[in-house]
């Protein structure tokens, strides 16, 4: 089967654009997550017509199809869990149209996030979603995962900026949904597609909204001796009715790791810093900055620094956006969790994360989008020690369960993928899951596209059974299977 | 499609209690949709009762239309069947409100007004200022898809609804999303309910992100000789750092309909003559921000050729804001036979689309007025000369609805006498994504009991 499949794909795309040698497959068996899965081959279509043909060929050979952007995702969304054809959009990386007057752009899915912002910067515009991986990640990947980023606190996540798409369904139909103008009659298909993690369709073109860049930006660094003071400042800023453009927190452990590499000027002896940005009209940014400084000082900030110029600001952000790279210097393998809680629950949640870490023998670093309650605990582990890896996963699961108890959710921006499919029943009842499955089947009936994602499969790790909400009693699991602790 | 013989009130009585079942013809007329009355109406108290009603309806093949304050039931095509009205007014609880988190969870029957009051106590609000504001419920507002002028800044409900609970066509209580401001757990099914006019299921709970109330607000009003000048100001603002929360342009006819008589004095120095277009933008912030905005707007308006301009503060501002918000009901009150179209286009294309509408109005000798929103929306109000509205219907059916593709717009009829729907497909032609909508309808409503026939393409 494999040989015929690859021959058909090579016939369509030429040999140059189909990878199937074992050493090539190794490069595509991972993404930004801790998961691994090997595809049968990787193809590089040039346009939507190629994608349609690839889907036809995969259907003929009855193999799964998985879309892939830059592979920076953190939940295994771009991995071929059940094998099959990975459709890389690396060659579909053209910006098709920039409409300055209407603040829209039409792009192919392989366009790199920050390249779009660069391309429209001359007109004072940018693409608002700004994941930390924005210099590598693609718009197509952003759409699949409904990517966020620091500045989505004020500007919204990917779904708030996507107006239309061209998609290829698993039966190889090419369909346009939404469009450049607003409020297309009918169901909000774009709203459903964004964040569906490649399980409904392959996206071959995206129409996005462009956002006017602010006239003035002020970046503040509030420095704390106690973590609780930092988290309480965040709660108070929100309660005051100020929505900063971004409000990020780094705890002492993380900022020391970052500082050793980036030299952003983070004080090494502090317990936590808040990186807060306000923007907008000159007048508004000055007022908001002074209000925020007041709140931070009132809540025990030792010092609040204001970046004097763009260079200082960029350095602070470099510290934030390269944090995970810095952590990589400490440990080759680490597990970045992605939980979300109501913002008022930040202080107690960070205390609980610390407790859970200690209980399991891990020191957990925290660097996260504090303003919207989106946590990213970092757990270092040694991949060679399987028991330790399993303990890291179970520690992360314990954190997620606490997030849910706090009224939160299992993922704020990284997606469910194959990382958290087994956790879905913590949030969703059988009826919820059943309807989501029915919707998936309406688009993707044979689970041809990205199988083994979002929905608990029972494959791989085996059947894992978790009690749905409310959270009472212990988790149970099939004997000898899965990383969920009892 | 087989129709049920008759609905047995006793079964419905068992679910919601006899005092919450309506069977008298007189009272049922309040639930009429496009001239069709249901056999029975039920007023459930909670989501569990809604589930039971749906299960019963699915078993008996009863067609259902849910409603809140019944202010926007005229949206859509006449139902192909309609047996049971589900009145959601008793699900009117504010389930939880966390001002510190700026999040809110409500039942769908909560009136927008009381929700606004509860939020205002904490200096917060929801940017859902839709027509019929003083009567509408939050659930009906979301299901109707009616937009608010505040979308200019705050976006639409899809940008601030965090999650929903709803009852699908099998009678199962189902949810998607959550209560936190950032969340990618599972499919965003709740987005499909926005503007779906009850065709997918019945909303029983909505979670929102709330917003801080602005410190103070002003309307900048300017008068122009032509629509092109007013649109030039819109373009200037969109490429400036000023971001107003509303941006609307009223045609001369619209001004006289909405702001005639005493009302016009609220415009102060921007009192219009008969042929002028009114540009009105609401903006907000601290005194320093308001001052900066007003001086920039003044300068840009002059550059665009404004003849007069005025800065309107409260209470006149609130008055103008509410008149513009209530454009649809105010006009239907004085002209019940009016036909109202919502036309969406790219902002840069608004001028061309308005010109096209103007030329068709001239050709067919049609009286009309326009309310234009800066985001790219035209509300086109048509006033038929005769009760049959022959030429008006002909113009809409033969010229406007089919011309969307050619002129780069999409038109739907949001209000008209139901008799006109015999010849007018209010949704306009379907597009190639319709096959996906059909599949979604089947996924949510396998027995086809939710408002059959009313939605796009006869769904």
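The values are calculated or read from the model by the stated rules, or taken from the named source; none is laboratory data. Note that this is a predicted model, so its numbers are computed, not measured. Quick reminder, even Gly has a Cβ in these numbers, built from the backbone with ideal geometry, and neighbours come from all protein chains shown.
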Going through B:455, B:420, B:381 one at a time, which residue ends up being crowded, with 22+ Cβ neighbours inside 10 Å, under 26 Å from residue B:71 (Cα atoms) and away from chain A (no Cβ under 14 Å)?
B:381
I'd like to check something: does the range A:63-79 contain any residue that is modelled with pLDDT of 95 or more and more than 23 Å from residue A:146 (Cα to Cα)?
yes
Which condition breaks for residue B:213 when tested against (1) closer than 16 Å to residue A:284 by Cβ; (2) surrounded by 23 or more Cβ atoms within 10 Å (Cβ to Cβ); (3) under 23 Å from the mean Cα position of the chain (by Cα)?
(2)
Out of A:217, A:206, A:286, sole residue that is in contact (Cβ under 8 Å) with a residue 24 or more places away in the chain, crowded, with 21+ Cβ neighbours inside 10 Å and at negative phi:
A:206
Would you check if there is a residue in the range B:195-211 being within 27 Å of residue A:103 (Cα to Cα), in a loop (DSSP other than H, G, I, E, B) and more than 8 Å from chain A (Cβ to nearest Cβ)?
yes
Those residues of the range B:74-102 that are outside any loop (DSSP other than H, G, I, E, B) and either more than 14 Å from chain A (Cβ to nearest Cβ) or modelled with pLDDT of 95 or more (or both) come to a total of 11
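Matching residues to (1) within 14 Å of another protein chain (Cβ to nearest Cβ); (2) at pLDDT 95 or above; (3) not in a helix (DSSP H, G or I):
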residue: A:294; (1), (2), (3): no, yes, no
residue: A:297; (1), (2), (3): no, yes, no
residue: A:303; (1), (2), (3): no, yes, yes
residue: A:316; (1), (2), (3): no, no, no
residue: A:326; (1), (2), (3): no, no, no
residue: A:329; (1), (2), (3): no, no, no
residue: A:335; (1), (2), (3): no, no, yes
Please determine whether any residue of the range A:343-351 is crowded, with 16+ Cβ neighbours inside 10 Å, more than 14 Å from chain B (Cβ to nearest Cβ), assigned to a helix (DSSP H, G or I) and within 24 Å of the chain's Cα centre (by Cα).
yes
Sole residue being touching a helix residue (DSSP H, G or I) at 6+ places or on another chain (Cβ under 8 Å), more than 7 Å from chain A (Cβ to nearest Cβ) and more than 25 Å from residue B:101 (Cα to Cα), chosen from B:177, B:171:
B:171
Take the residues in the range B:212-246 that are outside any loop (DSSP other than H, G, I, E, B) and within 20 Å of residue A:156 (Cβ to Cβ); name whichever of them is farthest from the other protein chains (Cβ to nearest Cβ).
B:246
Is it the case, given these coordinates, that residue B:28 is closer than 29 Å to residue B:425 by Cβ and in a helix (DSSP H, G or I)?
yes
Which one of these does residue B:198 not meet: (1) more than 26 Å from residue A:152 (Cα to Cα); (2) modelled with pLDDT under 95?
(2)
Please give the number of the condition residue A:238 fails out of (1) within 13 Å of another protein chain (Cβ to nearest Cβ); (2) more than 25 Å from residue A:377 (Cα to Cα).
(2)
Anything in the range A:371-397 that is within 14 Å of chain B (Cβ to nearest Cβ), closer than 26 Å to residue A:425 by Cα, in contact with a helix residue (DSSP H, G or I) (Cβ under 8 Å, 6 or more places away or on another chain) and in contact (Cβ under 8 Å) with a residue 60 or more places away in the chain? List them, or say none.
A:372
Would you list the helices (runs of 4 or more DSSP H) that sit entirely within the range B:373-459 and hold 1 or more residues that are farther than 22 Å from residue B:192 by Cβ?
B:390-394, B:404-407
Pull up the range A:109-120, narrow it to residues that are more than 14 Å from every other protein chain (Cβ to nearest Cβ) and touching a residue at least 24 places away in the same chain (Cβ under 8 Å), then point me to the one that is farthest from residue A:201 (Cα to Cα).
A:119
Note on residue A:149: of the conditions (1) under 24 Å from the mean Cα position of the chain (by Cα); (2) at the interface with another protein chain (Cβ under 8 Å from one of its Cβ atoms); (3) outside any helix (DSSP H, G or I), unmet is (2)
Going through (1) without any contact (Cβ under 8 Å) to a residue 60 or more places away in the chain; (2) under 15 Å from residue A:227 (Cα atoms) one by one, residue A:356 fails only at (2)
Which ranges mark the helices (runs of 4 or more DSSP H) fully within the range A:152-247 that have 1 or more residues being touching a strand residue (DSSP E or B) at 6+ places or on another chain (Cβ under 9 Å) and closer than 30 Å to residue A:295 by Cα?
A:152-155, A:227-239
For the condition surrounded by fewer than 24 Cβ atoms within 10 Å (Cβ to Cβ) and within 18 Å of the chain's Cα centre (by Cα), what is the one hit in A:382, A:372, A:397?
A:397
The strands (runs of 3 or more DSSP E) lying entirely within the range A:61-121 that contain at least 1 residues which are over 22 Å from residue A:414 (Cα atoms) are A:85-88, A:95-99, A:104-107
I need the full set of residues from the range B:329-372 which are in contact (Cβ under 8 Å) with a residue 60 or more places away in the chain and assigned to a loop (DSSP other than H, G, I, E, B), in order please.
B:336, B:337, B:338, B:346
Kindly provide the set of residues from the range B:80-107 that are crowded, with 23+ Cβ neighbours inside 10 Å and more than 30 Å from residue A:235 (Cβ to Cβ), ordered by number.
B:82, B:84, B:85, B:86, B:88, B:91
Unique residue being buried (at least 24 other Cβ atoms within 10 Å of the Cβ), in contact with a strand residue (DSSP E or B) (Cβ under 9 Å, 6 or more places away or on another chain) and closer than 25 Å to residue B:44 by Cβ when the list is B:219, B:206
B:206
Note: among A:204, A:219, just one is at pLDDT 95 or above, within 30 Å of residue A:348 (Cα to Cα) and more than 11 Å from chain B (Cβ to nearest Cβ), namely A:219
So residue A:106 ticks every box in (1) away from chain B (no Cβ under 14 Å); (2) closer than 30 Å to residue B:377 by Cβ but one. Which box is left unticked?
(1)
Going by the conditions given, is residue B:261 modelled with pLDDT under 95 and out of contact with any helix residue (DSSP H, G or I) (no Cβ under 8 Å at 6 or more places or on another chain)?
yes
Identity of the residue in the range B:266-289, under 30 Å from the mean Cα position of the chain (by Cα) and in a helix (DSSP H, G or I), that ends up surrounded by the most Cβ atoms within 10 Å (Cβ to Cβ):
B:270
Quick test for you: out of B:101, B:87, pick the one residue that is farther than 27 Å from residue B:430 by Cα and in contact with a strand residue (DSSP E or B) (Cβ under 7 Å, 6 or more places away or on another chain).
B:87
